[in-house]
Amino acid sequence: MLTANAIVRTALAVMVLAASACGLAGGGSGLGTAASAVSGAVVASIPIGDFGIGVAVGADGRRAYVALRTGKVVTIDTATRVVTNTLVTNGQPASLALTADGTRAYVTDMTAQSIFVLDLANQQIAKAISVGMIARPILAPSVAVSRDGARAYVTEATGQDDHLLFVVTATNTITRDKFLPIHPAGVAVSPDGARVYVAGCKLTCINGTFLVIDATSGNVLSTTALADAPTSLALAPDGARVYLANGRAASVAFVDLGSQAVTTVAVGPEPSGIAVDPRGAFVYVTSYASNAVQVVDTRTATVTANVAVANGPRAIAVDPAGRFAYVTHTSATCSVLDLQRVNGATASGGARSTVGAGS
């Protein structure tokens, strides 16, 4: 028999999958026919116990962390590729962001009740920061941590209202609750910690909005209209660009943070997760509907590889060395992609490659 908490978690998981109504519904393929096929990109499929939502990799690359819809966060040893620890929360963990020193993780809660602070050294929950009552999500909450580890920023998009929460990590307390004029889909912090970037959409999410917010005062410094509603956000390592996955439009938007100019690149249908490699050379985008990961060259703004993966890829994270990517799915597995094989195949195989699982 399901407990009340289990029923809430299941209901919220279903709602957010549809919620990506704001981001994942519709869209064409956006990709042409592949030029060549290369095998061996998916080097592992790790059993994780349930449907994975968010994923992050530690600063030393030795561990990956996956949030599960059942209220757990699992730790994966990246060398042995097995789950080594499981933490049980009292909510439904979604997105994760780690401090640069790898000692803590901040994890959002799909029920909008808490922000979970994980002590990664001791593999325990250090604190559950209270956010409020159970609320219906419009989009999955997101989180980012400043590079100095001093602050975390959490978005909450619920049926009641939309917020950006400022958390001081020294005390793990919320010091500012900023009302947002959009449903936030993703958040990032500038390398110097001075600005917070939030992308999202208004009302029924036909198009999108990108906000630049002062990290101290919470004031909105600039607003950029987007042609499409974003699903997720990733910041370039040098802080010069933001990359947005646009679920409905089957595209990725490049936002130049200096000029606010927007460039759009077509990708596979229903792009969900997005990540950038540490050099800033490639953007990796999960295509939920085509069961693939697209690789976009940031220098040429072109898709250079299409990697076949397991069904329903969602979030993606790249390790600090840029060697492996970790992908969650609508199944109880986490895929591991060898990016050296992917990008090596791209370099030697022409403008675009299709890379499949196998060895």
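Taken together, the values in this text are just the output of simple stated rules run on the coordinates, not laboratory data. All of these numbers come straight from a predicted model, not from anything done at the bench. All Cβ positions, glycine included, derive from the backbone under ideal geometry; neighbour counts span all protein chains shown.
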Which of Arg104, Arg314, Arg81, Arg279 has the fewest Cβ neighbours within 10 Å, and the rest in rising order: Arg279, Arg81, Arg104, Arg314
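Which order do Thr302, Thr286, Thr328 fall in if you start with the one that has the fewest other Cβ atoms within 10 Å? Please list the in-between numbers first.
Details: Thr302 13, Thr286 32, Thr328 28.
Fewest-to-most ranking of Thr302, Thr286, Thr328: Thr302, Thr328, Thr286.
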Alpha-carbon spread of the range 4-357, three principal axes, descending order, Å: 51, 44, 37
Extended-chain gain in nm, criterion 0.36 nm per residue less alpha-carbon gap, Ile206 and Arg176: 7.9 nm
Virtual spin-label span in nm between Gln260 and Asp148, 7 Å along Cα→Cβ: 2.7
Neighbour-count ranking [beta-carbon atoms within 10 angstrom, fewest first] of His183, His163: His163, His183
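Using the Cβ atoms and a cut-off under 12 Å, what net charge is assigned to the surroundings of Asn291, where Lys and Arg are +1 and Asp and Glu are -1?
Values: positive: Arg314; negative: Glu270.
Residues near Asn291 contribute 0 overall.
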For the range 183-222 and the range 272-340, distance of Cα centres in Å: 24
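Around Val131, under 15 Å between beta carbons, what's the net of Lys plus Arg minus Asp minus Glu among the other residues? Don't jump to the answer; show the numbers that get you there.
Values: positive: Lys127, Arg136, Arg176, Lys178; negative: Asp109, Glu156, Asp161, Asp162, Asp177.
Neighbour charge sum, excluding Val131 itself: -1.
Taking K and R as +1 and D and E as -1, what net charge do the other residues with C-beta under 10 Å from the C-beta of Asp119 add up to?
Values: positive: Arg104, Lys127; negative: none.
Its environment carries a net charge of +2.
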Volume in Å³ per residue [convex hull over Cα atoms, computed for the range 50-121]: 72
Label-point separation in nm, Val168 to Gln340, each point 7 Å along Cα→Cβ: 4.5
